[in-house]
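Written below as structure tokens is the structure these notes are about.
The values are calculated or read from the model by the stated rules, or taken from the named source; none is laboratory data. Note that the structure is a prediction, hence the values are computed from the model and not measured. No Cβ is skipped: glycine too gets one built from the backbone with ideal geometry, and neighbour counts run over all protein chains shown. The area values use the complete protein model at the heavy-atom level, side chains included, leaving out ligands, DNA and RNA. Shrake-Rupley method; radii C 1.70, N 1.55, O 1.52, S 1.80 Å.
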Amino acid sequence: MLIVLDVWPLVIDAGRSSILYGPADIFNEVSEGPIETQARLPANSPTGEAEFDLLQAVESLPDPVVDIALAEALRAGEPGDLGRLADVLTRRAPSAAQGALVEVYHHLDRPMRTAIAGMSGHLARGIREAAASSQPRTLANLVELIRHSHDLSLLYLLVDLFRRGDAQVTDAAAGLLEGIAAQLANRSELPWVPARQAQRVQLVLEACAQSATQQGSGCSAVARSLLWLTPLSIGILSGLPRQRNVLMAKAIDAILSDPDEPCNLRALPGMLGLEQHRAAALRGLARLTRRNAPGAIVHQSHYTLRPAVGAAFGHLTEPDKLVPPDWPASASVDSVRWVAALPLDEATGQKLLLDVCNCEDRQARARALASQIDGAPTGDDALDASRFLPWTDDPHPAIAMTACRFLKRRRWSGWNVHCRRLLQSQHRSVRRLASLELGQEAFDRLWHGWNQLTAQQRSATAVVLLKLGMDVFWPLSVRLRFQDDAARLRAITIIELLDMGQAFETQLLGRLGDDSAAVVASAVKALGQATSHRALVACEMAMDHPDARVRANAIEALDRMKSRRHAQRLLRMARDESNRARANAIGALLRIEPGPAMASLARMLADPRSAYRRSALWLVESMQLQKLSSLIHELAGSDPEPTIRHRAGRIAAAFQKGATSAGGEPGEPQNAA
């Protein structure tokens, strides 16, 4: 823009000088000042007048006089010149003179208004200056500027407009508040609205609500703003006594009662928690009920977690009409919580929640299961497990495990039977839980029914424990410390039966000093399943134990370890006074030094003591020693004991047929005394 100074003189009054720039002295004044841009007469100027760009000349001057001059030029300028003047003024340092931009805001074109709105932070001082104006047009421009800037930090200026503005300005400010509140309520669609500004909006709303109730202007718009921001405004509304804020209370009640108000979809559930507005909120919900269209209101179900709101739900007369019409296809976390809060009869409510188990939304299914668990009867009431069994097959392991743990915690009578079906679950965690439950059941049956079970039943139960992966280490470790000798002996026997001597090696070594010789003997026998050097040394030391059962079991344990370094001790023990220890020693020697062992066994078969001959027969039969068949035939025909003759005859017949027969338990010599 080229300004001709003889057409438009510019007066600058800085309080210290008054200079009139005209066509006659323009060159001298400019050349003596700090302006670097000098005017030049065009070579072909017909008039000889000086023409130059004055705005470009003064734009870089930091003097506040320039700001004042630009502001006055904006107020008095022609519409065609305002854009250039406003552009220069916005680039100046912040000053009160920039308030002129707000005064002429309605005259500027859209690009310039957009630029000014985007610089609201830079122009904050001038905007505050304009807010102090008494001109309605300026205040209306201020409202528009705040609307276009999307700058929530300027909302505090609206409070003053409510206090001293006229009705038109107040209504405009209230409309702006309502629009911003609606945008904040849907801020997921408006990324320019930061959630951290919510507290600032709350403070502005509180001040505007107090002013609006006193002035009477903008009450409806402010009321809608409060309802849009229900989470923030509950504290505001609870702090506005109804008797002092009749206008605001009536406006809120009228809005709540109207089902066509968009803000009600957000506000109605929350307003149930305020006693002064509960009646109006219930009327609004009742009208939505008659329309059978709960709509997006179900997404405000988090308010039902508040005790006051949950209690107010009990006053709904037709709650079944507030169930989403496309249930359970539309089930979500919010809608499930909403349905769970409705005062439906128990059967209907539980059925609606159970229908969600086929929903694709994992969080909705988890919420439905949690609601069912919360509503399950406690105490002596019978648990209806049919409500929870479908959840144990849920596609998500966490949900399935939650249902399983609940049934287990409530000690449902059919839990163990159901666990057998859960062994086929698609989730490893569920299968593991079922295995542990069934394993615990099998372990309890083995432990408590030990004396009633046959050897075959004990072995079968042990196989079940191993297949289920039952962790028996802790329960057996505890039982190894029982005071009862029989309990300790049973625990060690189960350890041996499960072939877990290696796992319990430390505990078994600790039992070698037990006061009960039977416990020590069982511990030594179970140590034969270990492979460590200390277990080997412990078994070798047990060969010198004064109790014959311990010595016999030590030989069996070392034989199982396939140790060969104790042959000389075995030769001595082949003459042991205990028939079982002697038989075990001879049996071990047969694998190391067969010659001396066969001679010792022959002498044992001819021993005058029947217990020794019986133990020798067991050894011949168990090891299938057909080389001694002649001695067996002799015993079968001439032994004075009928039981020995019968057994010897059976062994001889088996040898003769070349068949093999187990013929007695390996531990039978233990009973041959």
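Structural remarks
- Pairs meeting the criteria (first residue in region 463-481 and closer than 12 Å to GLY439 by Cβ, second residue among the β-branched types (Val, Ile, Thr), beta carbons under 8 Å, at least 6 apart or on different chains) are LEU465/VAL472; VAL472/ILE494.
For (1) at pLDDT 80 or above; (2) of a type in the set (Phe, Trp, Tyr); (3) within 18 Å of LEU590 (Cβ to Cβ), each residue gets a yes or a no:
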position: LEU628; (1), (2), (3): yes, no, yes
position: ILE632; (1), (2), (3): yes, no, yes
position: ASP639; (1), (2), (3): yes, no, no
position: ASN671; (1), (2), (3): no, no, no
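- ASP394 vs. criteria closer than 30 Å to ALA517 by Cβ and modelled with pLDDT of 90 or more: no
- Condition met for ASN584 (under 60 Å from the mean Cα position of the chain (by Cα), at pLDDT 85 or above and among the polar types (S, T, N, Q)): no
- In region 459-466 there is at least one residue matching the filter, namely being touching a Phe, Trp or Tyr at 6+ places or on another chain (Cβ under 7 Å), under 30 Å from TRP391 (Cα atoms) and of a type outside the set (Lys, Arg).
- If you filter region 561-576 down to residues that are assigned to a helix (DSSP H, G or I) and hydrophobic (A, V, I, L, M, F, W, C), you find that the one that is surrounded by the fewest Cβ atoms within 10 Å (Cβ to Cβ) is ALA567.
- Within region 137-168, the set of residues being aliphatic (A, V, I, L, M) and farther than 14 Å from LEU101 by Cα comprises LEU152, LEU154, LEU155, LEU157, LEU158, VAL159, LEU161, ALA167.
- On inspection, PRO343 does not qualify as open to solvent by less than 20 Å² (accessible area, probe 1.4 Å) and either closer than 23 Å to LEU272 by Cβ or aromatic (Phe, Trp, Tyr) (or both).
- Considered as a group, the residues in region 537-551 that are open to solvent by less than 30 Å² (accessible area, probe 1.4 Å) and part of a helix (DSSP H, G or I) include one that is farthest from GLU577 (Cα to Cα), and that residue is ALA538.
- Residues (farther than 23 Å from VAL169 by Cα and either outside any helix (DSSP H, G or I) or free of Cβ contacts under 8 Å to residues at least 24 places away in the same chain (or both)) located in region 105-118: PRO111
- Residue that is farthest from ILE494 (Cα to Cα) [pool: residues in region 506-521 that are in a helix (DSSP H, G or I) and over 50 Å from the mean Cα position of the chain (by Cα)]: GLY513
- Those residues of region 132-170 which are part of a helix (DSSP H, G or I) and acidic (Asp, Glu), in sequence order: GLU144, ASP160
- When residues of region 522-536 are limited to those that are more than 12 Å from ARG488 (Cα to Cα) and of a type in the set (A, V, I, L, M, F, W, C), the one most open to solvent (accessible area, probe 1.4 Å): LEU536
- Any hit, region 112-119, residues being farther than 30 Å from VAL222 by Cβ and not hydroxyl-bearing (Ser, Thr, Tyr): yes
- Counted residues, region 482-509 - those being more than 21 Å from LEU465 (Cα to Cα) and touching a residue at least 24 places away in the same chain (Cβ under 8 Å): 2
- Among (1) in contact (Cβ under 8 Å) with a residue 40 or more places away in the chain; (2) open to solvent by less than 30 Å² (accessible area, probe 1.4 Å) - the single one LEU601 does not satisfy: (1)
- Of all the residues in region 397-452, those that are among the aliphatic types (A, V, I, L, M), more than 26 Å from GLY375 (Cα to Cα) and surrounded by 19 or more Cβ atoms within 10 Å (Cβ to Cβ) number 3.
- Residue list for region 427-454, restricted to those being touching a residue at least 12 places away in the same chain (Cβ under 8 Å) and farther than 24 Å from PHE473 by Cβ: HIS427
- Helices (runs of 4 or more DSSP H) wholly inside region 60-104 containing at least 2 residues that are out of contact with any Leu (no Cβ under 6 Å at 6 or more places or on another chain), open to solvent by 10 Å² or more (accessible area, probe 1.4 Å) and under 19 Å from ALA124 (Cβ atoms): 64-76
- Test result for GLY375, open to solvent by 20 Å² or more (accessible area, probe 1.4 Å), out of contact with any Ser or Thr (no Cβ under 8 Å at 6 or more places or on another chain), modelled with pLDDT under 90 and closer than 25 Å to VAL333 by Cβ: yes
Here's the yes/no breakdown for (1) of a type in the set (Gly, Ala, Ser); (2) in contact with a Phe, Trp or Tyr (Cβ under 7 Å, 6 or more places away or on another chain); (3) over 17 Å from ALA331 (Cβ atoms); (4) at pLDDT 85 or above:
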site	(1), (2), (3), (4)
ALA347	yes, no, yes, no
LEU353	no, no, no, yes
CYS357	no, yes, no, yes
GLU360	no, no, no, yes
ALA364	yes, no, no, yes
ALA370	yes, no, no, yes
GLY379	yes, no, yes, no
ALA382	yes, no, yes, no
ARG387	no, no, no, yes
